[in-house]
Amino acid sequence: MPWSEKSIMSQRHEFVMLFEQDGVNRRELCRRFGISPTIGYRLWARWRQEGQTGLADCSRRPQRSPARTGAAMERLVLAVRDAHPVWGGRKIRRRLQDLRHQAVPSASTITAILHRNGRIEGAASAGHKPFERFERVAPNELWQMDYKGHFATAAGRCHPLTVVDDHSRYAVGLRACSDERAGTVRAKLTAIFRCYGLPERMLMDNGSPWGSSDGEHRHTGLSLWLLELGVAVSHGRPYHPQTQGKDERFHRTLMAEVIGRRAFADLAECQRRFDDWRVVYNTQRPHEALDLATPVVRYRPSPRSFPEKIEPFDYGPGAIVRRVDAGGWLSFRNQPVKLGRGFVHRRVALRPADREGCFDVLFCAHRVGAFDLREAAP
């Protein structure tokens, strides 16, 4: 994505943080961000030498600070809290350490500073309980995607589309949308895929435009497009948002730190705010589930690049290929088979299953259904 498409400072910050991670294909990362390797290495060198001041001509907190008095450190603590009003003592302490300040006080001392200066109400931290966490073992094995509840702007409504990597909690996508249609999601995902590559699987909710875990509307045009790209699709249990717990938790943080604190003029302002905050979330905000590390230290862009053109899938020898009609049906051995309207005019393959008379239905490399000819026989 060219630098001009969104906040330059936000994108450069994200770029250099990804650029210096071990195992990253740096030339491919430069291509995805729309810059030459020469510029990429030059920007990284400036980052290594000068920190954030090397990315833009604006005032930035220095990476190193001399020993400070107690009053000076207290002012630093309050400055971080004022910039991030929902951060507690542990996050603020880790952020000050990441900024390489010396003699950073303990988390309990920072919490006391916040209480003393009226930044925390007496019962604000009550009710927080630890819980067992589950995650994928590597980046890009699973991305969780959903819409955050829409909210009003001066010019209409904003529907935030969120995409979070399950392993690292890295927010690969936070886009301000005008609606929740499949075409909108596909356009936003295309830009995300071009930058970060393709995940192995995506987890989504049930309903439009995602599809569902069962029934006639299990597959939509959007989910079939993902399958064509080689991205497997999963759906959460109906009425069970915990399945997408990481994205749900991301929504809570987004609401607390961005949406709930200000009014927005239009979608363009929403996107600018989202872009700036996403860099904070990915590269600065300590994450409790990551032992107070930031998501960027655990994330790597996917090596699977987005194909600009999807070639017709070769089902191989022995496959019985059929094209689905305008009603979502195909005919096999004089028997109608219902697949759903998402498959209209698409090619699928039939292969015999283990039992006689039973067939699996394949779309690209994915099994999307099965049927038994004996059940349809009179």
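The values are calculated or read from the model by the stated rules, or taken from the named source; none is laboratory data. A quick note: this is a predicted structure, and the numbers were derived from the prediction, not measured. Because the Cβ atoms are built from the backbone with ideal geometry, glycine has one as well, and the counts that use them run over all protein chains shown.
Odds and ends about this structure:
- Check on V321, under 24 Å from L189 (Cβ atoms), modelled with pLDDT under 95 and not basic (K, R): no
- Top-ranked residue of segment 257-309 - restricted to ones that are assigned to a helix (DSSP H, G or I) and in contact with a helix residue (DSSP H, G or I) (Cβ under 6 Å, 6 or more places away or on another chain), ranked as surrounded by the fewest Cβ atoms within 10 Å (Cβ to Cβ): D276
- Residue check: W210 meets all listed conditions (1) surrounded by 18 or more Cβ atoms within 10 Å (Cβ to Cβ); (2) of a type outside the set (D, E, K, R); (3) out of contact with any Gly (no Cβ under 9 Å at 6 or more places or on another chain); (4) modelled with pLDDT of 95 or more but one, namely (4).
- Within segment 36-71, being modelled with pLDDT of 85 or more and either in a loop (DSSP other than H, G, I, E, B) or not assigned by TED's automatic domain parsing to the domain that holds M9 (or both) holds for one residue alone: S36.
- Meets criteria (of a type outside the set (A, V, I, L, M, F, W, C) and touching a residue at least 40 places away in the same chain (Cβ under 8 Å)) for G340: yes
- Qualifying residue in segment 345-356 (condition: outside any loop (DSSP other than H, G, I, E, B), out of contact with any Asp or Glu (no Cβ under 9 Å at 6 or more places or on another chain), of a type in the set (D, E, K, R) and not assigned by TED's automatic domain parsing to the domain that holds E228): yes
- Filter result for I120 (part of a loop (DSSP other than H, G, I, E, B), at pLDDT 85 or above and among the aliphatic types (A, V, I, L, M)): no
- Set side by side, the residues S108, S125 differ, and just one is surrounded by fewer than 14 Cβ atoms within 10 Å (Cβ to Cβ), outside any loop (DSSP other than H, G, I, E, B) and at pLDDT below 85, which is S108.
- Any hit, segment 367-377, residues being acidic (D, E), surrounded by fewer than 19 Cβ atoms within 10 Å (Cβ to Cβ), touching a Gly at 6+ places or on another chain (Cβ under 7 Å) and outside any helix (DSSP H, G or I): yes
- Here V86 fulfils each of the conditions (1) at pLDDT below 90; (2) in a helix (DSSP H, G or I); (3) surrounded by 14 or more Cβ atoms within 10 Å (Cβ to Cβ) apart from (2).
- Single residue of segment 20-42 satisfying the filter (in contact (Cβ under 8 Å) with a residue 12 or more places away in the chain and buried (at least 18 other Cβ atoms within 10 Å of the Cβ)) that is nearest to T190 (Cα to Cα): R32
- Elements of type strands (runs of 3 or more DSSP E) in segment 154-210, at least 2 residues being in contact (Cβ under 8 Å) with a residue 12 or more places away in the chain and among the small types (G, A, S): 171-177
- Per the listing G245, G328, the residue uniquely at positive phi and surrounded by fewer than 20 Cβ atoms within 10 Å (Cβ to Cβ) is G328.
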